[in-house]
2 protein chains.
Amino acid sequence: MRPHELTQLTALPLFSEMEEESLASLLDAALLQQFPTGVILIREGDHADFLHVLVEGLVEIFTEQNGVEWGISLVNPVSTFILAAVVSDQPYLNSARTLANSRILLIPAQRVRAIFDRDVAFARIVARELALAYRSSVKKLKGYMARSSVERLANWILAEARKDAAQGNIVVPFDRGTLASHIGTTRENLSRSLALLTDHGVRIRGREIVIDAKDQLEAFARPQRFIDDPTS
Amino acid sequence: MRPHELTQLTALPLFSEMEEESLASLLDAALLQQFPTGVILIREGDHADFLHVLVEGLVEIFTEQNGVEWGISLVNPVSTFILAAVVSDQPYLNSARTLANSRILLIPAQRVRAIFDRDVAFARIVARELALAYRSSVKKLKGYMARSSVERLANWILAEARKDAAQGNIVVPFDRGTLASHIGTTRENLSRSLALLTDHGVRIRGREIVIDAKDQLEAFARPQRFIDDPTS
DNA sequence: AAATGCGTTTGATAAATATCAAATACGCTG
DNA sequence: CAGCGTATTTGATATTTATCAAACGCATTT
């Protein structure tokens, strides 16, 4: 493992406060692997053998129903995924694939559970991570129940712009079909929704989305603290 | 606290394996309160001061958006709710109200966090509870993305029938509007959906739903392990 | 530059869902 | 049991979303 990667890992909320000994034990059993774009990492129904930590790249969590794929969440570095399956020792509810070249740390699930029992600080942080994951899932559910697909899209764009900090434009790092599956609509309707947002402060340049008038987009999207604020 | 209630509490997965001393400390600080139907227990945005344990009765978790209420989940005894807000020490994402006379145990959030740090068994179980809560939220999300409202209703009926074990008929313990908000539709369309299910092995008798042909209903609903099986 | 292939958009239509209005059913009170 | 108020269902219509088909744009190849 490269030195700066180790630094990134120890900086992860999940690992930051734990005992050195425990961290060493986790990383000792871990494998760091590189995957190209489009690789299926996890299949719905498989047993959770490894906790995954995305060190670099991009991963999507998705499910396939009747031949159609639906996006559950997008994972950015540096963060873990499928922690819940590892903690509850149950099969994965969803599949996962890389959407870019990715480096992923694989930690044996048993080891994670063992350290959990030994290191209170780690246990606390795992619980907090799970709580936050749960909350973000509930927020997504709220978005689905109360909003139209255009509104979901508008709020997704605002959320992306917020995290890029580059403010003003974002570049979607995957195709329209994938974006549609995460917004909860079809490719065709996503296209129409994007066209519609053109009247609300947004310009579409292929995969780039330029926000010309953030206030106008916000007036349309009406973001809410307990749905769209990731820190709440 | 009545003796048989104490028994119920210690039988809760959340409390079953923990040290006696820790359990005593939790219950020592706890308040057992009785609430009539329709009482708001928790308001979205409030800070999480107490872990709630529903000992008896029925509670719904819901959110209000633009004057319309949407059901997030239904809580049956004996189980906890808003554990995630307590663990992450954050404001509630949703509101909660009683849907029946209910007895609820209120445990100060600080105390829960303190015991978490002291008792590994409790910590493990809290993490598992959170993981399960997270997974059930993801399952609900999957249901929303991949199913029509009639299908959601059909699967909800099957799930209720499964847990009642009385198999064959269920009695919905609240009004149509509330049910609609949990299925993710309107009162009017819920009514039509119920009428439609009449062709698929179900009879509607006011608040009672009689399942005449479970196989027929299942053929229509097509329940899935990783959406509808609460143990997965 | 023409041809090919793939992703995306646009158009037309169908299906699902929501909304508004009215009728009906139901439970409760007097 | 009649009358009243509320909950529920039914009907008509509008809106949203999905589906199928075709056109377009764009990059790469020949």
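Quickly run through segment B:155-178 and pick out the residues that are within 14 Å of DNA strand C (Cβ to nearest atom), more than 14 Å from every other protein chain (Cβ to nearest Cβ) and under 15 Å from residue B:225 (Cα atoms).
Scanning segment B:155-178 gives a single hit, B:156.
Looking only at segment B:34-80, count every residue that is in a strand (DSSP E or B) and either over 12 Å from residue B:99 (Cβ atoms) or of a type in the set (S, T, N, Q) (or both) and tell me the total.
19
Hey, residue B:149 hits all of (1) closer than 19 Å to residue A:143 by Cβ; (2) touching a strand residue (DSSP E or B) at 6+ places or on another chain (Cβ under 8 Å); (3) in contact (Cβ under 8 Å) with a residue 24 or more places away in the chain but one; which does it fall short on?
(2)
Part of a helix (DSSP H, G or I), charged (D, E, K, R) and surrounded by 17 or more Cβ atoms within 10 Å (Cβ to Cβ): does that describe residue A:162?
When the stated conditions are applied, residue A:162 does not pass them.
Tell me, yes or no, whether segment A:169-181 has at least one residue that is more than 21 Å from residue A:59 (Cα to Cα) and at pLDDT 95 or above.
There is no residue in segment A:169-181 that is more than 21 Å from residue A:59 (Cα to Cα) and at pLDDT 95 or above.
Of all the residues that make up segment A:129-150, how many are assigned to a helix (DSSP H, G or I) and more than 7 Å from chain B (Cβ to nearest Cβ)?
5
Of all residues being within 22 Å of residue A:5 (Cα to Cα) and of a type in the set (Ser, Thr, Tyr) in segment A:88-128, which is farthest from the other protein chains (Cβ to nearest Cβ)? Just the residue, please.
The residue in question is A:102.
When only residues in segment B:179-196 that are of a type in the set (A, V, I, L, M) and more than 10 Å from DNA strand C (Cβ to nearest atom) count, which is surrounded by the fewest Cβ atoms within 10 Å (Cβ to Cβ)?
B:195
Does segment B:197-217 hold any residues that are of a type in the set (Asp, Glu) and more than 23 Å from the chain's Cα centre (by Cα), and which are they?
B:199, B:212, B:215
Scan segment A:124-140 and tell me whether some residue there is touching a residue at least 12 places away in the same chain (Cβ under 8 Å), touching a Leu at 6+ places or on another chain (Cβ under 9 Å), within 16 Å of DNA strand D (Cβ to nearest atom) and not assigned by TED's automatic domain parsing to the domain that holds residue A:59.
No, segment A:124-140 contains no residue that is touching a residue at least 12 places away in the same chain (Cβ under 8 Å), touching a Leu at 6+ places or on another chain (Cβ under 9 Å), within 16 Å of DNA strand D (Cβ to nearest atom) and not assigned by TED's automatic domain parsing to the domain that holds residue A:59.
In this structure, does residue B:86 turn out to be in contact with a Leu (Cβ under 8 Å, 6 or more places away or on another chain) and in a helix (DSSP H, G or I)?
Judged against the criteria, residue B:86 is a match.
Search segment A:51-61 for residues being in contact (Cβ under 8 Å) with a residue 60 or more places away in the chain and crowded, with 19+ Cβ neighbours inside 10 Å, and hand back the single one that is nearest to the other protein chains (Cβ to nearest Cβ).
Top of the filtered list is A:51.
Considering A:72, A:42, which residue is more than 16 Å from DNA strand C (Cβ to nearest atom), more than 12 Å from every other protein chain (Cβ to nearest Cβ), touching a strand residue (DSSP E or B) at 6+ places or on another chain (Cβ under 8 Å) and under 13 Å from residue B:226 (Cβ atoms)?
Going through A:72, A:42 in turn, the sole match is A:42.
Consider only pairs whose beta carbons are under 8 Å apart and that are at least six residues apart or on different chains; among these, list those whose first residue lies in segment A:198-218 and is farther than 21 Å from residue A:173 by Cβ and whose second residue is within 16 Å of DNA strand C (Cβ to nearest atom) and among the basic types (Lys, Arg).
These pairs meet every condition: A:212/A:203.
Quick test of your reading of the structure: residue A:211 fulfils all but one of (1) surrounded by fewer than 18 Cβ atoms within 10 Å (Cβ to Cβ); (2) modelled with pLDDT of 95 or more. Name the failing condition by number.
So the condition that residue A:211 fails would be (1).
Tell me the residue from A:127, A:114, A:131 that is modelled with pLDDT of 95 or more and surrounded by fewer than 19 Cβ atoms within 10 Å (Cβ to Cβ), please.
A:114
Name every residue in segment A:190-222 that is within 24 Å of residue A:63 (Cβ to Cβ) and in contact with a helix residue (DSSP H, G or I) (Cβ under 6 Å, 6 or more places away or on another chain), in order of residue number.
Across segment A:190-222, the qualifying residues are A:190, A:193.
Would you confirm whether any residue within segment A:184-196 is touching a strand residue (DSSP E or B) at 6+ places or on another chain (Cβ under 6 Å), farther than 23 Å from residue B:142 by Cα and touching a residue at least 24 places away in the same chain (Cβ under 8 Å)?
Yes; the residues of segment A:184-196 include at least one that is touching a strand residue (DSSP E or B) at 6+ places or on another chain (Cβ under 6 Å), farther than 23 Å from residue B:142 by Cα and touching a residue at least 24 places away in the same chain (Cβ under 8 Å).
The values are calculated or read from the model by the stated rules, or taken from the named source; none is laboratory data. Because the structure is a prediction, the values reported are computed rather than measured. When we count neighbours, we look across all protein chains shown, and the Cβ atoms used for this are built from the backbone with ideal geometry, even at glycine.
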